[in-house]
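**Q** One structure, pasted below without further comment.
The values are calculated or read from the model by the stated rules, or taken from the named source; none is laboratory data. Bear in mind the structure is a predicted one, so any value in this text is a computation, not a measurement. Don't worry about glycine lacking a Cβ; one is built from the backbone with ideal geometry, like all the others, and counts go over all protein chains shown.
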Amino acid sequence: MTKKVLALLMTLALILSLAACGAKTDSSKDGSKGDNAPSASGKSLVVYFSRTGEQDKVGVIEKGNTKIVAEMIAEKVGAELFEIVPKNDNYPTTFDALCDVAKEEQTKNARPEIKDTVENFDSYDTIYLGYPIWWADLPMICYTFLESYDFNGKTIVPFCTHEGSADANTQKKIQTAVPKAEVKEVLAIRGQDAQNDQSGVKKQIEEWLK
Ligand SMILES: Cc1cc2nc3c(=O)[nH]c(=O)nc-3n(C[C@H](O)[C@H](O)[C@H](O)COP(=O)(O)O)c2cc1C
């Protein structure tokens, strides 16, 4: 049942995101968004949340879809990596059970605790933030991350993996969570491509960084 509800949600979200695509392209022409390359002067950090275990469309995976993309971006821009690891990692490793837990967290507007903190957060001026789309939103633990640091004057460059919802309007959600940051457009990658079409994903990253 959960899978059916999620599949319907993904299809609806895909239709909406395709409809919004034209508008996005136009707004990027003013040059205010879309330049996702790291700034010439400052340091960049790639922060990501990602799961192993059973995932949609890819079966049981040993390296999370978002982690694969995060590592590619970090290599490309020469940034350090920080993984958002839950303090108490009780997330199930089967897809349906994980969906249920994630839905409950979302309903409760939970803020799951994060195990580690980023050292010298102030020294970074560009934060690449990667996450899987969970129920057409960021996983709640990513909001914990966003609310744990001072993003005043920082640039957030979001990227996500998904199976149909594309970015699920998460640029706006991040901007609302951290109004003082400049939030760029989201790079949305299919989770199954991260596992099965890595050269294609590398090309998408290169285009996005231009
Ligand atoms: C709890 C849960 C909810 C999900 N919700 C959506 C969704 O709403 N839309 C979508 O396109 N994909 C959804 N997915 C699929 C994931 O976004 C996709 O498999 C992603 O690549 C997983 O990344 P990871 O391996 O880095 O955790 C969901 C997956 C899970 C586990």
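**Q** Just to be sure I understand the filter: pairs with C-beta atoms under 9 Å, separated by 6 or more residues or on different chains, first member in the stretch 186-205 and assigned to a strand (DSSP E or B), second member of a type in the set (D, E, K, R) and within 11 Å of the ligand (Cβ to nearest atom). Which pairs pass?
**A** Every condition considered, the pairs that remain are LEU187/ASP167; ALA188/ASP167; ARG190/LYS57; ARG190/GLU163.
**Q** Assuming THR52 fulfils every condition listed in (1) buried (at least 18 other Cβ atoms within 10 Å of the Cβ); (2) near the ligand (Cβ under 9 Å from one of its atoms); (3) among the β-branched types (Val, Ile, Thr) apart from one, which condition is it?
**A** So THR52 meets the others, but not (1).
**Q** Would you check which residues across the stretch 149-180 are β-branched (Val, Ile, Thr) and either surrounded by fewer than 24 Cβ atoms within 10 Å (Cβ to Cβ) or under 17 Å from GLN106 (Cβ atoms) (or both) and list them?
**A** If the condition is that a residue be β-branched (Val, Ile, Thr) and either surrounded by fewer than 24 Cβ atoms within 10 Å (Cβ to Cβ) or under 17 Å from GLN106 (Cβ atoms) (or both), then THR155, ILE156, THR170, ILE174, THR176, VAL178 are the ones that fit.
**Q** Using the structure shown, decide if THR176 is without any contact (Cβ under 8 Å) to a residue 24 or more places away in the chain and farther than 20 Å from GLN55 by Cα.
**A** Working: without any contact (Cβ under 8 Å) to a residue 24 or more places away in the chain: yes; farther than 20 Å from GLN55 by Cα: yes.
Taking the combined requirement at face value, the residue satisfies it.
**Q** Would you mention how many residues in the stretch 94-151 are of a type in the set (Val, Ile, Thr), outside any loop (DSSP other than H, G, I, E, B) and touching a strand residue (DSSP E or B) at 6+ places or on another chain (Cβ under 8 Å)? Write out each step before concluding.
**A** Going residue by residue through the stretch 94-151, those that are of a type in the set (Val, Ile, Thr) are 94, 101, 107, 114, 117-118, 126-127, 133, 141, 144.
Okay, now just the ones that are also outside any loop (DSSP other than H, G, I, E, B), so 101, 107, 114, 126-127, 141, 144.
Now restrict to residues that are touching a strand residue (DSSP E or B) at 6+ places or on another chain (Cβ under 8 Å): 114, 126-127, 141, 144.
Count: 5.
**Q** Scan the stretch 134-143 and tell me whether some residue there is closer than 24 Å to VAL101 by Cα, within 10 Å of the ligand (Cβ to nearest atom) and in contact with a His (Cβ under 8 Å, 6 or more places away or on another chain).
**A** no
**Q** Could I ask something else about it? Being touching a residue at least 60 places away in the same chain (Cβ under 8 Å) and surrounded by fewer than 18 Cβ atoms within 10 Å (Cβ to Cβ) is the requirement here; does LYS57 meet it? Write out each step before concluding.
**A** On the way: touching a residue at least 60 places away in the same chain (Cβ under 8 Å): yes; surrounded by fewer than 18 Cβ atoms within 10 Å (Cβ to Cβ): yes.
For LYS57, the condition - touching a residue at least 60 places away in the same chain (Cβ under 8 Å) and surrounded by fewer than 18 Cβ atoms within 10 Å (Cβ to Cβ) - is met.
**Q** Does the stretch 60-104 hold any residues that are surrounded by 15 or more Cβ atoms within 10 Å (Cβ to Cβ), without any contact (Cβ under 8 Å) to a residue 60 or more places away in the chain, closer than 18 Å to GLN192 by Cβ and of a type in the set (A, V, I, L, M, F, W, C), and which are they?
**A** Matches in the stretch 60-104: LEU98 only.
**Q** Any chance you could count how many residues in the stretch 100-128 are within 16 Å of the ligand (Cβ to nearest atom) and in contact with a Leu (Cβ under 8 Å, 6 or more places away or on another chain)?
**A** Count: 1.
**Q** Sticking with this one: Please determine, by comparing only the residues of the stretch 171-185 that are outside any loop (DSSP other than H, G, I, E, B) and β-branched (Val, Ile, Thr), which one is nearest to ILE73 (Cα to Cα).
**A** Among those residues, the one meeting the criterion is VAL183.
**Q** Looking only at the stretch 22-60, count every residue that is at pLDDT below 95, assigned to a loop (DSSP other than H, G, I, E, B) and among the hydrophobic types (A, V, I, L, M, F, W, C) and tell me the total.
**A** Residues that pass the stated criteria total 2.
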